[in-house]
1. In nm, to one decimal, how far is the T225 label point from the L43 one, both placed 7 Å along Cα→Cβ?
2. Working from Cα positions, state the angle (0 to 90°, nearest 10) between the long axis of helix 106-115 and the longest principal axis of the chain.
3. Using Cα atoms only, what is the angle between the long axis of helix 181-193 and the major principal axis of the chain, expressed in degrees (0 to 90) to the nearest 10?
4. For the pair Q32 and V60, how long in nm is the line joining their label points, each one 7 Å along Cα→Cβ?
5. Under the rule of at least 5 residues apart or a separate chain, name every residue whose amide H is placed under 5 Å from the amide H of K33.
6. With charges set only on the Cβ (+1 for Lys and Arg, -1 for Asp and Glu), what does the dipole of segment 92-179 come to about its Cα centre, in debye to the nearest 20?
7. As I understand it, the value is the acute angle between the Cα axis of helix 146-160 and the longest principal axis of the Cα atoms of the chain; what does it come to in degrees, rounded to 10?
8. If I model a spin label at D208 and E165 as a point 7 Å from the Cα along the Cα→Cβ vector, what separation in nanometres do I get?
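The values are calculated or read from the model by the stated rules, or taken from the named source; none is laboratory data. Bear in mind that the values here come from a model prediction, so they are computed numbers and not experimental data. So basically every Cβ, Gly included, is an ideal-geometry build from the backbone, and we count neighbours across all protein chains shown. Note: accessible area is taken over every heavy atom of the protein model, side chains too, but ligands, DNA and RNA are not part of it. Shrake-Rupley method; radii C 1.70, N 1.55, O 1.52, S 1.80 Å.
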Amino acid sequence: MGVSSPRNRLLQTLPPEELEDLMPRFERVQVQKGDILWSVGDLLDSVYFPEAGLSSNVAVTSEGRRIEVGCFGDEGMISTASVLNVDRAPHELLVQVGGPWLRIGVGPFRDALRSSPALHDLMLRYTHTVMMTVSQTAMSNGAHSVEERLARWILMAHDRLEGDELSLTHDFLSIMLATQRSTVTLAIQALEGYGAIQARRALIIVRDRDMLCDLAGNSYGPAETEYERQIGPFRKGMRPTASASSG
């Protein structure tokens, strides 16, 4: 056990000395597309910091309907419930795109929160940004069209994944948008008609991000702006380039 040089952008904001003390407590694990790491009510025994990929918190109704309430990539951590001393999963955790994640037990994580003021402060600020994202999702689901919501969600996935090819199926997107698969298909066709994306089997290709931003309107942006104010850049257009960061 023990990992150096984390590729999680949230951890990278910690002071070097506190990060150095924290990293030996992690192990790196590989998660796969389609994995359900826990279901509603499961005991939370680990905390994860993704280094790649994409996952979602999915709310599940008593009738079995599943609706996404938050997504996570290498800008975040899972689960903020552990930050708040909650020991049971409030949502299902579904992996949409696999990749390496850093894992730490809940006990060692809470010990680190007590011993590291910087980590404690960072986790509180990050939890605030997650609450902002959940609020934005609720507003978007109630106030925006399916096309606007789809544009927003593709932008959110694009922010968190490398490249412009997003491995996303219509079935996944129907969960993300809380709508029927046939409705998702029509929305995808509409975005293709604007030239914003190209859709292939189990794949969405971003062709024009600016067009996606226009199509999403004010359904996208407020929560991302708050993350950048509280923590640092993670939107594709706002990430520092290699030359800028080196020099």
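1. The two pseudo-label positions are separated by 4.4 nm.
2. 70
3. Here the helix axis deviates by roughly 80 degrees.
4. Here the modelled spin labels are 2.0 nm apart.
5. G98
6. Values: 7 positive and 10 negative charges, 93 e Å.
Here segment 92-179 has a charge dipole of around 440 debye.
7. Relative to the chain, helix 146-160 is tipped by roughly 40 degrees.
8. Those two pseudo-labels are separated by 2.3 nm.
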